[in-house]
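Asks: Before I ask anything, let me first share the structure, which is written out below as structure tokens.
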Amino acid sequence: MKKYNKITPEGTKDLLFEECLTHRHVERLLANVFASHGFHEVVTPGLEFYDVFHFDSSAISQERMYKMTDQRGRLVVMRPDSTIPIARVTATHLQNQPKPLRFYYTQHIYRNTPGLTGRSDEIMQSGIELIGASGKRADLEVIVTAIEALSKCVPDFRMELGHAGFFQAIAQQLPIAEHWKEDIRATIEAKNYAALNTMLDRLEQGPAVDAMRKLPRLFGGKEIFEEAAPFCLNEKTAETLDYLRQIYEALSVLGLGDRIMVDLGLVQRNDYYTNIIFSAYVEECGDAILTGGRYDNLLASFDSPMPAVGFAINVDEITRVLMERNKGKKMPNVDILVHSEDGYEIKALNYAANLVEQNLRCENSIFPDREESLEYARRMGICRVDFVGDTIETVHKINL
């Protein structure tokens, strides 16, 4: 008995008609922005060896990867991330190319989502990676490119800026094991104040604990820099806060201050990101539609250390938002239905091909008689039917 032949696996879905058109439209908008800034498209395999993602700072647990074996028994996974394969490509194929390298991609990633949270396991992502460039200029270029790309799709987004080093510098002051620091990071990421306080209450109280307790509440505009200043316990925290201020002020000069928020509790994947981090949100989505940041240590995992920064956009979520706002792409109507009389099928096909060359949308009728073709045109909203025989007969303004 077939139990699953009419459904899709959990975390996946079918895309139909207008949703497909909207999806492709979003992909093209983003690709055009990326290409206009000198980024070049790459596509990595949907299957990669598990070892590509199995290192300390990958931030993708093995439980979240779809795994299988190849014909030689080697462990492979369905691509759970696009940045890490691009790092592999850089280290293995492009070591001698002039830097920086500018990549963009549009491809699926696959991740197991535990707990039936409603998130997708198959996600279409589009993004960029700027590899071999460090410093404020590179960070600003990537963030501004992200803002430009989202503005083409969902102009009412909000972007949050943080710095991975701020949390890391405070966490280093806590005399606890690394796994406990990771637990603290996870509670801050979830904005779980109760759990965070419970964990911190167990520690010896002091400036570092006070700073960590305050961290998820350090969210807002430029005033956050003054609020955070007392928690700069050492030179490292002061440097990270000052750098974040420089980025925020530069974006404000560009007139982007109303779109940007500072969030020092933005601590996701801090074992992966090393410096500036950012996320973007729209009202209809609980999760970020864009995530990015600087990951200067990643290429070292492939024996090719160099700085890098990038971001990824969730194309599926942008498509869903546009559809819910009734701003999706509409199915275009067919201009002409071409019906062939018996014995004139090839003539009708050639006639239809000529109409298509005139930029008309043309559909060939598969019905054997005229009445069926006319009835089909009425039902489909096609306003013109051309009958092809010895001559061409056209019927306009089909009674809908």
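Residue-by-condition table, conditions (1) modelled with pLDDT under 95; (2) open to solvent by less than 10 Å² (accessible area, probe 1.4 Å); (3) not polar (S, T, N, Q):
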{"site": "106", "(1), (2), (3)": "no, no, no"}
{"site": "113", "(1), (2), (3)": "yes, no, no"}
{"site": "126", "(1), (2), (3)": "no, yes, no"}
{"site": "133", "(1), (2), (3)": "no, no, yes"}
{"site": "141", "(1), (2), (3)": "no, no, yes"}
{"site": "146", "(1), (2), (3)": "no, yes, yes"}
{"site": "149", "(1), (2), (3)": "no, yes, yes"}
{"site": "158", "(1), (2), (3)": "yes, no, yes"}
{"site": "164", "(1), (2), (3)": "yes, yes, yes"}
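Asks: A further question on this structure: Could you look through the stretch 202-251, keep only residues that are within 20 Å of residue 138 (Cβ to Cβ) and hydroxyl-bearing (Ser, Thr, Tyr), and pick out the one that is most open to solvent (accessible area, probe 1.4 Å)?
Replies: Only one residue tops the list, namely 243.
Asks: Return yes or no: is residue 305 modelled with pLDDT under 90 and surrounded by fewer than 20 Cβ atoms within 10 Å (Cβ to Cβ)?
Replies: no
Asks: Inside the stretch 256-314, can you point out the residues that are among the β-branched types (Val, Ile, Thr) and within 16 Å of residue 159 (Cβ to Cβ)?
Replies: 260, 262, 276, 277, 282, 289, 291, 309, 313
Asks: Which pairs do you get when a residue that is under 13 Å from residue 23 (Cα atoms), found in the stretch 318-336, comes within reach of a residue that is hydroxyl-bearing (Ser, Thr, Tyr), reach meaning Cβ atoms under 8 angstrom, with the pair 6+ apart or on two chains?
Replies: Close Cβ pairs satisfying both conditions: 319/22; 322/22; 323/22; 328/22; 328/319; 329/22.
Asks: Would a scan of the stretch 254-262 turn up a residue that is open to solvent by less than 10 Å² (accessible area, probe 1.4 Å), in contact (Cβ under 8 Å) with a residue 12 or more places away in the chain and closer than 17 Å to residue 189 by Cβ?
Replies: Yes, there is a match, as at least one residue in the stretch 254-262 is open to solvent by less than 10 Å² (accessible area, probe 1.4 Å), in contact (Cβ under 8 Å) with a residue 12 or more places away in the chain and closer than 17 Å to residue 189 by Cβ.
Asks: Follow-up question, since we're still on this one. Yes or no: residue 351 surrounded by 13 or more Cβ atoms within 10 Å (Cβ to Cβ), touching a Gly at 6+ places or on another chain (Cβ under 8 Å) and of a type outside the set (Val, Ile, Thr)?
Replies: no
Asks: Hand me the list of strands (runs of 3 or more DSSP E) wholly inside the stretch 270-362 holding 1 or more residues that are under 19 Å from the mean Cα position of the chain (by Cα) and not hydrophobic (A, V, I, L, M, F, W, C).
Replies: 276-281, 290-294, 308-314
Asks: Sticking with this structure for a sec: How many of the residues in the stretch 371-395 are in a loop (DSSP other than H, G, I, E, B) and open to solvent by 40 Å² or more (accessible area, probe 1.4 Å)?
Replies: 3
The values are calculated or read from the model by the stated rules, or taken from the named source; none is laboratory data. The structure displayed is predicted, hence computed values, not measured ones. We place every Cβ from the backbone using ideal geometry, glycine too, and count neighbours over all the protein chains shown. Heavy atoms of the whole protein, side chains included, go into the accessibility calculation; ligands, DNA and RNA do not. Shrake-Rupley method; radii C 1.70, N 1.55, O 1.52, S 1.80 Å.
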